[in-house]
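What follows is a set of notes on a single structure, which appears directly below.
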Amino acid sequence: MHLIDSTPEYVLSIYEQMERRLATVRRRLNRPLTLSEKIMLGHLDDPGCKDLEPGRSYLMLRPDRVAMQDATAQMALLQFVQAGRKRVAVPTTVHCDHLIQARAGASSDLTAALQENREVFEFLRSASAKFGIGFWQPGAGIIHQVVLENYAFPGGLMLGTDSHTPNAGGLAMAAVGVGGADAVDVMAGFPWEVLYPTIVGVHLKGEMSGWTAPKDVILKVLGILTVKGGTNRIIEYFGPGARAISCTGKGTITNMGAELGATTSVFPFDAKMDAYLRATDRAALADLAKARPHLVTADAEVEANPERFFEKVIEIDLSRLEPHLVGPHTPDLARPVSEMAGAVSEHDYPDAISVALVGSCTNSSYEDISRAADVALQAREHGAKMAVPLLVTPGSNQIFETIKRDRQMAALESVGATVLANACGPCIGQWRRDEIKKGQRNTIVTSFNRNFPGRNDANPETLAFMGSPEITMAYGLSGRLSFNPLADTLPGKDGPWTLRPPKKAPEIPERGFVRSREGFVPPSDDPDRIELKVAKDSERLQLLQAFDPMVDADFVEMPLLFKTKGKTTTDHISPAGFWLRFRGHLDRISDNMFLGAVNAFTGERGRTTNLLTGERGVEVPKVARAYKAAGKKWVVVGDENYGEGSSREHAAMSPRYLGCAAILARSFARIHESNLKKQGVLPLGFADPADYDRVREGDRVTLSNLSDLAPGVPVTAILHHADGSVETITLKHTLNNEQIAWFRAGSALSLLRRQDGAGTGLVPPPA
């Protein structure tokens, strides 16, 4: 039987390897280590490697686990098929949580999802069974909650094909969101390459009280660092305040570190984590970690003198932290709730809230739902109900069954809640919302993690504000964004009344969790008998064909396909919602490329000019296909933090598939930059960010010295303007020798296949 669980024997073997590797590292560095350093350097493929310089060196690491959600697992497993391996090399799981659309309620929504996505679920199930992967069926829960409940362990290193994988940092695990190609490397037995992150320390003191929740910690940090402040950094929390936060509360904070652009976020092992491990039937793992504080906590000198060991130290006093809301349209626009009335007036935000939503992978723990239920019970005492619809998504079947037993679900339903399936639902755009027309300006309040335009309901005019579950409940009871839960009154059967802060919720249920592995399917005992099938006429799945290398002539006078303005997230590059159904079909999903991005020249979303015909206002994918048909490679120009957001590698694969040679941007988000490199697209930054403004509509671009492409060597770009004039600009890059080899081979997977002579025996469709 293939290993799936984080068994005590497996975790002990990891700790023993960490001991040996860190002994070498300590001799080299001769100084105390942070927890982040212990985990990352304790997983070095070669602890005697040449360079260990944060922010400059590339590390080759050996992760302990891989986790994938159903939307990204499709492309990851299709790439794994191309890698030609018979079994995964590390414990791996697939979790079906993204393809369940929120409509009416848990039961009917799950039934509909099983019917509509049968082909995809069957492919994922059979591929998992064949390759030695644990499979969690639809309805079992959200990937990150299930991982925290079953697989995460202190000191471990995990990759996940979802940007919120760092949720496991709540259990002192360095869990990193990546694209599918990175996961495939590890599943195929290769080390994982990552730029050695610098480390930001967040010192927490005091203790939360009243309305303040763990969510407010990360919202405060987002307000300080912004959405690009964590790029190529690990956020390490420490201090007495950290030890006062529950394990799942810590998970909330590390989960949403993804919005900082951080490589990962982590808390040190403590008594709260010990209790959670024991409550989830992993006492043996708690004992192993407890006996090895030198592996799962920072050295004592780090907390005593943090400025010596962290690139930057942020101080937060939890006893003075006020509950926050962030938004709209970006998770770093943070305000205390006491300032929201002024913001509504100043910015003309719609004051009437249309829907309140509680849940997501960030906030769907027992503690979260209990605090939300306390607010519901207060309302029930005063004869009040929600002023607007309330949608609730439990994090897992374990949470669902436990809150059903302990009556939190009944409390929420008594004030008007609709309980949805144990899945992502509206948080990732799986929400069939019929009461609002596209383009209608409206406000929603959620306990989610992202609020980009169109993110939740495909309507760019929906203004999403995010806070803790209990704050979301309070706003839903009032129905007004200008409401101050800390002071304002609500109407009740006996007159106006004021909310009191929720009671301190139990971190662990008094009667324990209703432990559930319902929906888990182990891999097959006879995998060679399993045949993977992809129908030739399928619109949902398509076998992949390796990308061919580009040649020098491809980089001469390439048409500028699109210049984006402002935020260009992966949601803008490869929108979700309706398009989630095509995540396993590269050709079909490429029809959504850049449909959400703003044209810097016209202000239109998803439309550009075809330079071959002169036609204006054409959908970007159609123009890209026209260039591809004409044998033309093309370029895109992006703004700051290009590719912010999710780990979806479709935002790199679709451009590569349709002919993209390079992306020129002011700066890149970490995961997306890595995904572009893996797919053989050059991510090139403007050496002078002001050169972004020199790129004009109708430009063609020549990259003139790619034959000399080398680490640290700038690339020269020639801008051929439509009026016949020419300008030369300098571009920088972060490519190392191995990544340049991916580019020259066509992609990382093309290089792997060439090196191994791998063959799959499967015939791919035409490109």
Karplus ³J(HN,Hα) for region 17-29 (6.51 cos²θ - 1.76 cosθ + 1.60, θ = phi - 60°; Hz, whole; x = Gly/Pro) runs 5, 4, 4, 5, 5, 5, 4, 5, 5, 5, 5, 6, 8
What do you get for Rg/Rh over region 506-562 if you use C-alpha atoms and the Kirkwood form of Rh?
1.32
Quick check for you: which residues of region 231-271 have the amide N under 18 Å from the point 7 Å beyond the Cα of Arg278 toward its beta carbon?
243-248, 269-271
Give me the one-decimal nm value for the distance between modelled label points at Lys493 and Glu122, 7 Å along each residue's Cα-to-Cβ direction.
5.3
Taking amide H positions as placed 1.01 Å from N in the peptide plane, with prolines and chain starts having none, which residues 5 or more places from Tyr58, or on another chain, fall under 5 Å of its amide H?
Tyr196
Contact order normalised by length for region 368-439, with contacts defined as Cα pairs under 8 Å and 6 or more residues apart; what percent is it?
38
Go through 171-177, 18-24 and give me the packing order, highest mean Cβ count within 10 Å leading.
171-177, 18-24
Å² per residue, accessible surface of the chain at 1.4 Å:
34
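With r as the distance between the Cβ atoms of Glu9 and Glu301 and R0 = 51 Å, compute the FRET efficiency 1/(1 + (r/R0)^6) and round to 0.05. Mind showing how you got there, number by number?
On the way: r = 33 Å, r/R0 = 0.64.
It comes to 0.95.
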Given pairs Lys628/Lys677; Lys205/Lys272; Lys536/Lys632; Lys205/Lys404; Lys215/Lys503 and cut-off 23 Å on Cα-Cα distance, the over-length ones are Lys536/Lys632; Lys205/Lys404
3J(HN,Hα) from dihedral phi, region 519-536, Karplus parametrisation 6.51/-1.76/1.60, rounded to Hz, x for glycine, proline:
x, 8, 10, x, x, 6, 7, 9, x, 5, 7, 7, 10, 8, 10, 10, 5, 4
Given points 7 Å out from each Cα along the Cα-Cβ axis, report the Arg696 to Met60 separation in nanometres with one decimal.
4.8
Post the alpha-carbon centroid distance, region 76-111 to region 244-297, in whole angstrom.
25
Hey, how many Å between the Cα centroid of region 1-73 and the Cα centroid of region 647-692?
28
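Expressed as a whole percent, how much of the Cα-Cα distance distribution for the chain exceeds 54 Å?
Working: 17118 of 293761 pairs.
Everything past 54 Å amounts to 6 percent.
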Lys and Arg at +1, Asp and Glu at -1: neighbours of Ala387 with Cβ under 14 Å from its Cβ sum to 0
Quick one: with all protein chains in place, what share of the accessible area of region 70-109 is carbon or sulfur, to the nearest percent (1.4 Å probe)?
49
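What share of Cα pairs, in percent, lie more than 18 angstrom apart in region 579-722? Spell out each step's value before the answer.
On the way: 5892 of 10296 pairs.
Roughly 57 percent, rounded to a whole number.
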Given labels modelled 7 Å from the Cα in the Cβ direction, how far is it in nm from Asn484 to Ala629?
6.1
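For region 486-534, would you read off the P(r) tail past 19 Å as a percentage of all alpha carbon pairs? Spell out each step's value before the answer.
Values: 803 of 1176 pairs.
When all Cα pairs of region 486-534 are counted, 68 percent exceed 19 Å.
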Which pairs break 28 Å Cα to Cα here: Lys86/Lys228; Lys250/Lys312; Lys250/Lys437; Lys220/Lys732; Lys533/Lys622?
Lys86/Lys228; Lys250/Lys437; Lys220/Lys732; Lys533/Lys622
Report, by chain and number, residues whose modeled amide H sits under 5 Å from the one on Ala152, excluding near sequence neighbours (fewer than 5 apart, same chain).
none
Cβ-based net charge around Gly141, under 9 Å, with every Lys or Arg adding one and every Asp or Glu removing one:
-2
Roughly how many whole Å is it from the C-alpha centroid of region 536-613 to that of region 126-171?
29
Over all Cα pairs of region 374-449, how is the pair count split among 10 Å bins, expressed in % and running from 0 up to the last occupied bin?
16, 44, 31, 8, 0
From the phi angles alone, apply the Karplus equation (6.51, -1.76, 1.60; θ = phi - 60°) to region 301-308 and give each ³J(HN,Hα) in whole Hz, x where the residue is Gly or Pro.
4, 5, 5, 6, 9, x, 4, 6
Sparse-neighbourhood loop hits (GluC sites (Glu not before Pro), region 339-420; DSSP loop; Cβ within 10 Å at most 13 others) -> none
Taking a spot 7 Å from the Cα of Glu518 along the direction of its beta carbon, which residues of region 79-122 have an amide N less than 14 Å from it?
106-108, 110-111
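With both bridge residues required to lie in the chain, what share of the DSSP beta bridges run antiparallel, to the nearest 5%? Show your work: numbers first, answer last.
Working: 34 of 94 bridges.
Percent antiparallel among DSSP bridges in the chain is about 35.
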What's the Cα-based Rg to Rh of region 630-682, Rh via Kirkwood?
0.95
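Mean 1/r over all different Cα pairs, inverted: what Kirkwood radius does region 81-138 give, in Å?
On the way: mean 1/r = 0.0796 Å⁻¹.
About 12.6 Å for region 81-138.
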The extension gain from Asp587 to Arg500, computed as 0.36 nm times the residue separation minus the Cα-Cα distance, is 26.0 nm
Asp525 to Arg380: extension gain in nm, 0.36 nm per residue of separation minus the Cα-Cα distance?
47.0 nm
Looking at region 437-486 from every direction and averaging, what is the projected area of its Cα convex hull in nm²?
3.4
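Tell me, what % of the accessible area of region 366-500 is carbon and sulfur with a 1.4 angstrom probe? Walk me through the intermediate numbers first.
Values: 2060 of 4300 Å².
The nonpolar share, carbon plus sulfur, comes to 48 percent.
Quick check: residue separation of Phe578 and Arg28 times 0.36 nm, minus the Cα distance between them. What number comes out in nm?
Working: separation 550, 0.36 × 550 = 198.00 nm, distance 5.19 nm.
Going from the current span to full extension adds 192.8 nm.
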Show that you can apply the helix-only estimate: for the chain, add -39,500 (n - 2.57) for every DSSP H stretch of four or more residues, divide by all residues, and state [θ] at 222 nm to the nearest 500.
-9000 deg cm²/dmol
Would you please give the FRET efficiency between Thr602 and Lys228, computed as 1/(1 + (r/R0)^6) with r the Cβ-Cβ distance and R0 = 22 Å, to the nearest 0.05?
0.25
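The values are calculated or read from the model by the stated rules, or taken from the named source; none is laboratory data. Remember, it's a predicted structure, so these values are computed and weren't measured experimentally. Counting neighbours? That spans all protein chains shown, and the Cβs are built from the backbone with ideal geometry, glycine included. Protein only, heavy atoms only, side chains kept; ligands, DNA and RNA dropped before computing areas. Shrake-Rupley method; radii C 1.70, N 1.55, O 1.52, S 1.80 Å.
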